[in-house]
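*Asks:* Have a look at this one before I ask anything.
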Number of protein chains: 2
Amino acid sequence: MVNLSPDTDTKSTWSSGYLYDSPTIRCFSHIHAWQLSGIAVMPTVGTMQGHLGMDAYQSRFSHEGEVAEPGYHKVHLQEYNIGVELTSTTRVGFHRYTFPRTDSAFVLFDTGAYLAHGPTEHSEVRRVSDREIEGMAVMGKTIRRPKETPVYFVARFSKPFAHFGGWQDSTRLTQAVNRLGGKHAGAYLHFQMTDQESLLLKVAISYTSLANARSNLEAELPHWDFDRVHRESTDQWNAMLGRIRVEGGTEAQRVKFYTDLWHSLLGRRILSDVNGDYPDMTGPRPQIRRVALDAQGQPRFPHYNFDAWWGSHWSLNILWSMVYPEIMDGFCNTMVDMYHNGGLIPRGPSGGNYTFVMIGDPAVSFFATAYNKGIRTYDVAAAYEGLRKNAFVGGIRDHAGYEHRSPAFGGGMQYYETQGWVPEGIGGPGGHKDGASMTLEYAYQDWCLAQLAQALGKTDDATLFRQRAGNYKHLWNPATRYMHPREKDGSWIADFTPVVDAFNTRGFCESNAAIYTHYVPHDMAGLIRLFGGAAAYSAYLDSCFIKGQPLGFVGANKKHASTWVDYGNQPGTQMAHLFNYAGKPWLTQKWVREVKMAFNDTTPYGGYDGDEDQGQMGALGVLMAIGLFEVDGGASTQPFYEISSPLFDRVEIKLNRQYYEGERFVITTENNATDRPYIQAVTLNGKPWRQNWFSHELFQRGGELHLRLGTEPNKKWGTKPPPSLSAPAGRR
Amino acid sequence: MVNLSPDTDTKSTWSSGYLYDSPTIRCFSHIHAWQLSGIAVMPTVGTMQGHLGMDAYQSRFSHEGEVAEPGYHKVHLQEYNIGVELTSTTRVGFHRYTFPRTDSAFVLFDTGAYLAHGPTEHSEVRRVSDREIEGMAVMGKTIRRPKETPVYFVARFSKPFAHFGGWQDSTRLTQAVNRLGGKHAGAYLHFQMTDQESLLLKVAISYTSLANARSNLEAELPHWDFDRVHRESTDQWNAMLGRIRVEGGTEAQRVKFYTDLWHSLLGRRILSDVNGDYPDMTGPRPQIRRVALDAQGQPRFPHYNFDAWWGSHWSLNILWSMVYPEIMDGFCNTMVDMYHNGGLIPRGPSGGNYTFVMIGDPAVSFFATAYNKGIRTYDVAAAYEGLRKNAFVGGIRDHAGYEHRSPAFGGGMQYYETQGWVPEGIGGPGGHKDGASMTLEYAYQDWCLAQLAQALGKTDDATLFRQRAGNYKHLWNPATRYMHPREKDGSWIADFTPVVDAFNTRGFCESNAAIYTHYVPHDMAGLIRLFGGAAAYSAYLDSCFIKGQPLGFVGANKKHASTWVDYGNQPGTQMAHLFNYAGKPWLTQKWVREVKMAFNDTTPYGGYDGDEDQGQMGALGVLMAIGLFEVDGGASTQPFYEISSPLFDRVEIKLNRQYYEGERFVITTENNATDRPYIQAVTLNGKPWRQNWFSHELFQRGGELHLRLGTEPNKKWGTKPPPSLSAPAGRR
């Protein structure tokens, strides 16, 4: 819930927060989540300038002496000669400020500040005692978050402040007050400090009430031992990151690996309080609900916040289901709660509301993967009911980007249901109205739903949705040999090229035909048949990578649609793994390694190219580094992992025994080096293993996968493709 | 929190709820509190008519077979042949409906109905399962409650319903839905019932959230044993009402007595949930706060709702401080919380907000009485700070009736502070702008504050406010020999008469000069001096009662200002007790008995004449019946009780030993009869007692007061008046 860190930049959805090269710190704020921000705090010395805003009171800082670790940030404010250290519990930010000797120390609570996403509509602060203040701020609506959203806070200081004051309408209040509020409001606390005296500050937040903010504070942080909280936070992060232990590789590769893994855990932002209360924004009026409690009265899972799951079947769905099944379970619970609350399983649970960001129903792959891997601690019947509803007119697929409670539907489901594909120019509300992307994603999502139906014994549904999963074929144009968008009259759109110059192209969502043509995760055998067989397909796919490599496997100038391979956005992040399905696993081994090496920057200037998307790109990096992937997202009734060559000598995955039987799954390599990506031979639990995939059933029992690598491909190994839709289920 | 009973009448602040002679029951609703109403439920048989409103679906009923007791109501709906029984826990209404055999049984949740005070702005209902629904309704603003106020509910049935449906905009929904909402919305549950089959329904409410409504349900009513809840509710009421046990008198007198006592307990409506959460409406945005918890994490006191305390110093302040100190303590806690929240101690805590109903600061007498009787489990320093603030410009006194957050102040405190009295025609916001009533009430309230200051060792403040307590003298006009309102220029208002024909008269709040002239509870000695001595005063006062008796001691046609004695409204309910201060206690004994006999109706047609005001008139009746009173409201640093003749042979008051030392205080009489009101002799704890008062200190230790009564006055007994302001404090 609390993510306390310096804000060098504000007033932007995409470029606010901590930007490494910005010269000043404007404040330290407590949320930094998708569509959510709030409670900016800044210590200063000298004239109180809170009412003048961050441009006035910001401070220069340098990276010298700065420490930034999970659970701890230390930085020096040069303007004020104040040392700042930050740590937190789940719901309480903990600040330690070391001041110079001064009679004019101030701690500013710039509650009305514009931090990110949009302006703060209103805020209030009240003096509770000479050590405590409380208040709230109301985030204004955004295009993605359609309701005003309050955040409440309670803040306690380790020593009494001499004076409470503040500002409203950017004007400093001159009279003594105990409370203040309105637009552009904030409070300051005035202290006298001796030299190098430390001031501690605890700030607890809640999205439901002041009472719950105070309970969060008292439950999580009753003491004043900053070093203990820092230590406990470090321990907690080490336990989470330690679920995967890697050995070998270079120092930079290990840094990159754990940076990626850390990213994969950043999206699980919590909205619910210690007692389980969370804001339900799905209805016409905001309501406070409580998550399910266990027999001890403790919340079984928190209520989570996230962006849309769009594309997560090639990243988080795989990684979380392997390593953090409890997180996946919690998100399933959150989404089922939202179905109960608002009547739709969301595209991604965000701020207690539907955001309708992007297109399709990516939650169905999330649930199918969870369920089929045995992650089921939620109301499965309700989940299926909601996901089935999403597959028809009026479900979540039918709400295209940013469409909020429109009486019409903009997701093209009436076309998809009647003719099996969505044309271009469908009109109606919402953005991202790309018929070809919709068609391809809907077909995959139908297959995921079929897998869930099959597992639940709903065989009629399974047959229906398996049939609909073949709908991708409606877009195959044998003339262009691409997935080719169609007009409403069924004709292929004119002026078609597989790559284009604009950011968004007709038919495709943030991508192009070159990339979306490979978007058949559930029936690679079928796609390969359309291409005329494995040899033709793999040759063409190889040519895409050859063309994409000089651009670093991303679009030129971040234009996703301008290239043949794009690892800067979700729709094509499976492509290197597709050679496994075309009888040429050594090309998967090669291109996975090449892509991984292209994304090897551990400086603040590289790492991800574009929107990291709540850990999706980090999770993808982890999967490529450990050499396991699931092109179908893991959604099939019998999930399995495809093998590529890991970066490391040893990868040990600690299994969560609340879900899985084994203690650990270990991947070891011999003869590994950056220029030796090719698998020579494999054993699984000591026995020779000739296929390029193995089942989740074996994974979850624990075991060891051993790979011998080399500089040249072994073209005999692993050439039989993994199962896909066209293969009878029994063959898996 | 829940007060579940039949609603025969709706759409009125003053005439909604259960009116005995109304022929139909429109619904059973769950709140029935001051300014709060909500969640109307009605079982019906036959065509579903919920969307047509109560005029359509109401049912005739008769009083035959009806049972109405504290904690239980049983009534038969003739239209539908449904037996209805109602009981409740603190926060959960429990319904038992006995249906005829039918395929068309419906339970209507008319959540959007206009019940009382004002329309419902918006409501929502959601089907949770086939046995559970949940929802909320938003009460619109009223002149007294300036914010929209939501109430949430969770309802569970003992058997599954066959169908969930409802209406919006008074139009029945034809499509299947799981949720509905908007204006004029409601839901119905459809059941098939066999003959005489019982359907049980639990409805929990909360003013903060659905989650808390559900927690209230689960904490208070986890089972389905209706008879057990009925029994427990009866036991709880018996325990509360049994704090005073009376013997002797007539059956009608005992019925009236316990009816009065029951009324005195009805005002303590609870806003807070099982976990202590309550809505704080004092600020610009509603917020949820939590009351203080004890070491076990349980709320120390609930957050209460009430009307203004206006006049409660002659009723509830006395009774609660004697018999229910824990309720008084809880209300003090609630008001201190509101001071912390909103910066003002309220005139009465209402719906989490200030209502600014009536005038003055009646909370100061409430607190002074509580504190001086040892009821102190709250933040006393904050209470004093807030009460002191109330005594100056900008405090609660300065917000005259219904004035909400006006930038100006309409309570006349700038006049009072500078010249010691409030003139007429002061202008500014608010209603009830009566300078003479304000002046007289403010003077008494200053004295209460002085008593609190004195007890807290704030001697400078005590001197200041004791001095201001003499301000009533500014209104004494020696020419008219009344408290005479004054114009801004200081002149006496023209066309002055002590009683008038209109409801509201210039200068006086819902009363007249005849009655307010006696409003000097804290300095009867001073008032008597103005009248020229005890003989003159008691003769005049006696003449008022003689003139008032033919009208039953109330105004003709409920016009409070039209008479000389008015026991139908607060400002004059001390008058019969004032003879005790004028050396003629036998006239107090006489007129108290006469007034008590005038209010002896135990049918539904009499009992109280006018607004019962949240138990104030009931409490007054109890005090008159047991023969104890406190003209100064009990606020003095050494509180004492004045003696009149009780109605009963024996009155046993069980003391709350968490506050008081003794176990019981007993009042016994001999030779008592309706026509023998006169005290002949008194003993206290077996020793002769010659004064007409005794100290709270003696009361709280427990003991026995024994009175011998007779048909003729004993004019020797008790002629020395009780202490009042003009007497040195030490003499008490």
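*Asks:* Mind counting the residues in region B:472-497 that are within 13 Å of B:Pro423 (Cβ to Cβ) and either aliphatic (A, V, I, L, M) or assigned to a helix (DSSP H, G or I) (or both)?
*Replies:* Counting residues in region B:472-497 that are within 13 Å of B:Pro423 (Cβ to Cβ) and either aliphatic (A, V, I, L, M) or assigned to a helix (DSSP H, G or I) (or both) gives 3.
*Asks:* Now a separate question. Return the residues of region B:140-170 that are within 14 Å of chain A (Cβ to nearest Cβ) and under 22 Å from B:Gln58 (Cα atoms); say none if nothing qualifies.
*Replies:* B:Phe164, B:Gln168, B:Asp169
*Asks:* Taking the conditions exactly as written (buried (at least 24 other Cβ atoms within 10 Å of the Cβ) and either under 20 Å from A:Val554 (Cα atoms) or touching a residue at least 12 places away in the same chain (Cβ under 8 Å) (or both)), does A:Ala436 satisfy them or not?
*Replies:* Yes.
*Asks:* Looking at B:Asn333, B:Asn341 in this structure, which one is farther than 23 Å from B:Ala443 by Cα, touching a His at 6+ places or on another chain (Cβ under 9 Å) and either surrounded by fewer than 24 Cβ atoms within 10 Å (Cβ to Cβ) or touching a residue at least 40 places away in the same chain (Cβ under 8 Å) (or both)?
*Replies:* Going through B:Asn333, B:Asn341 in turn, the sole match is B:Asn333.
*Asks:* Please tell me if B:Ala513 is farther than 20 Å from B:Pro713 by Cβ and of a type in the set (A, V, I, L, M).
*Replies:* Criteria met by B:Ala513.
*Asks:* In addition: Could you check region A:194-293 for strands (runs of 3 or more DSSP E) lying wholly inside it with 1 or more residues that are touching a helix residue (DSSP H, G or I) at 6+ places or on another chain (Cβ under 9 Å), within 14 Å of another protein chain (Cβ to nearest Cβ) and of a type in the set (D, E, K, R)? Break it down stepwise before answering.
*Replies:* Details: elements: A:198-206, A:244-247, A:277-280, A:287-290.
By residue number, A:277-280, A:287-290.
*Asks:* Any residue at all in region B:640-654 that is among the polar types (S, T, N, Q), touching a residue at least 40 places away in the same chain (Cβ under 8 Å) and surrounded by fewer than 17 Cβ atoms within 10 Å (Cβ to Cβ)?
*Replies:* no
*Asks:* Pairs needed: first member in region A:1-18, in the same structural domain as A:His73 (by TED's automatic domain parsing); second member anywhere, assigned to a loop (DSSP other than H, G, I, E, B) and of a type in the set (Asp, Glu); C-beta distance under 8 Å; at least 6 residues apart or different chains.
*Replies:* Between residues of region A:1-18 that are in the same structural domain as A:His73 (by TED's automatic domain parsing) and residues that are assigned to a loop (DSSP other than H, G, I, E, B) and of a type in the set (Asp, Glu), the close pairs are A:Trp14/A:Asp611.
*Asks:* If only one of A:Ala576, A:Ala535 is surrounded by 24 or more Cβ atoms within 10 Å (Cβ to Cβ), part of a helix (DSSP H, G or I) and modelled with pLDDT of 95 or more, which one is it?
*Replies:* Result: A:Ala576 is the single residue among A:Ala576, A:Ala535 that is surrounded by 24 or more Cβ atoms within 10 Å (Cβ to Cβ), part of a helix (DSSP H, G or I) and modelled with pLDDT of 95 or more.
*Asks:* Conditions first: (1) more than 26 Å from A:Leu221 (Cα to Cα); (2) more than 14 Å from chain B (Cβ to nearest Cβ). A:Thr334 passes all but one, so which condition is the exception?
*Replies:* Exception for A:Thr334: condition (1).
*Asks:* Being farther than 19 Å from B:Asn390 by Cβ and more than 14 Å from chain A (Cβ to nearest Cβ) narrows it down to one residue among B:Trp309, B:Trp320; which is it? Spell out how you get there, then give the answer.
*Replies:* Working: B:Trp309 fails: farther than 19 Å from B:Asn390 by Cβ.
That would be B:Trp320, the only listed residue that is farther than 19 Å from B:Asn390 by Cβ and more than 14 Å from chain A (Cβ to nearest Cβ).
*Asks:* Between a first residue in region B:358-371 that is free of Cβ contacts under 8 Å to residues at least 60 places away in the same chain and assigned by TED's automatic domain parsing to the domain that holds B:Leu449 and a second residue that is among the charged types (D, E, K, R) and part of a loop (DSSP other than H, G, I, E, B), which pairs have beta carbons less than 7 Å apart while being 6 or more apart in sequence or on different chains?
*Replies:* B:Ala363/B:Arg347
*Asks:* Given the options A:Gly425, A:Gly360, A:Gly374, A:Gly457, name the one that is out of contact with any helix residue (DSSP H, G or I) (no Cβ under 9 Å at 6 or more places or on another chain), in a loop (DSSP other than H, G, I, E, B) and on the phi > 0 side of the Ramachandran plot.
*Replies:* Unique residue meeting the criteria: A:Gly457.
*Asks:* State the number of residues belonging to region B:18-64 that are over 19 Å from B:Phe109 (Cβ atoms), touching a Phe, Trp or Tyr at 6+ places or on another chain (Cβ under 8 Å) and aliphatic (A, V, I, L, M).
*Replies:* 0
*Asks:* Go through (1) touching a Ser or Thr at 6+ places or on another chain (Cβ under 7 Å); (2) assigned to a helix (DSSP H, G or I); (3) among the hydrophobic types (A, V, I, L, M, F, W, C) and name the single condition A:Ala382 misses.
*Replies:* (1)
*Asks:* With A:Leu623, A:Leu698 as the choices, which residue is in a helix (DSSP H, G or I), in contact with a strand residue (DSSP E or B) (Cβ under 9 Å, 6 or more places away or on another chain) and within 19 Å of A:Ile375 (Cα to Cα)?
*Replies:* A:Leu698
*Asks:* I'd like the full set of residues that are among the small types (Gly, Ala, Ser) and without any contact (Cβ under 8 Å) to a residue 40 or more places away in the chain, limited to region A:119-155.
*Replies:* Across region A:119-155, the qualifying residues are A:Ser129, A:Gly140.
*Asks:* Right, something else. Just checking, which of B:Ala113, B:Ala56, B:Ala105 is within 20 Å of B:Phe164 (Cβ to Cβ) and either outside the structural domain of B:Leu199 (by TED's automatic domain parsing) or outside any strand (DSSP E or B) (or both)? Before the answer, list the steps.
*Replies:* Values: B:Ala56 fails: within 20 Å of B:Phe164 (Cβ to Cβ); B:Ala105 fails: either outside the structural domain of B:Leu199 (by TED's automatic domain parsing) or outside any strand (DSSP E or B) (or both).
Within the list B:Ala113, B:Ala56, B:Ala105, the selection yields B:Ala113.
*Asks:* Please go through region B:460-516 and give me each residue that is touching a residue at least 40 places away in the same chain (Cβ under 8 Å), buried (at least 17 other Cβ atoms within 10 Å of the Cβ), under 27 Å from B:Ile546 (Cα atoms) and among the aromatic types (Phe, Trp, Tyr), ordered by number.
*Replies:* B:Tyr472, B:Trp476, B:Phe508, B:Tyr516, listed by residue number.
*Asks:* Additional query: Inside region A:178-218, can you point out the residues that are more than 21 Å from A:Glu121 (Cβ to Cβ) and free of Cβ contacts under 8 Å to residues at least 60 places away in the same chain?
*Replies:* A:Asn178, A:Ala211, A:Glu218
*Asks:* Filter region B:115-132 down to residues that are within 15 Å of B:Val41 (Cβ to Cβ) and within 12 Å of another protein chain (Cβ to nearest Cβ) and give me whichever is surrounded by the fewest Cβ atoms within 10 Å (Cβ to Cβ).
*Replies:* My answer is B:Glu132.
*Asks:* Now for a separate question. Just to be sure, is B:Gly394 free of Cβ contacts under 8 Å to residues at least 60 places away in the same chain, assigned to a loop (DSSP other than H, G, I, E, B) and of a type in the set (Gly, Ala, Ser)?
*Replies:* Yes; evaluated as a whole, the condition is true for this residue.
The values are calculated or read from the model by the stated rules, or taken from the named source; none is laboratory data. Treat the numbers as computed from the prediction; the structure is a model and nothing was measured. Neighbour counts run over all protein chains shown; Cβ positions are idealised from the backbone, glycine included.
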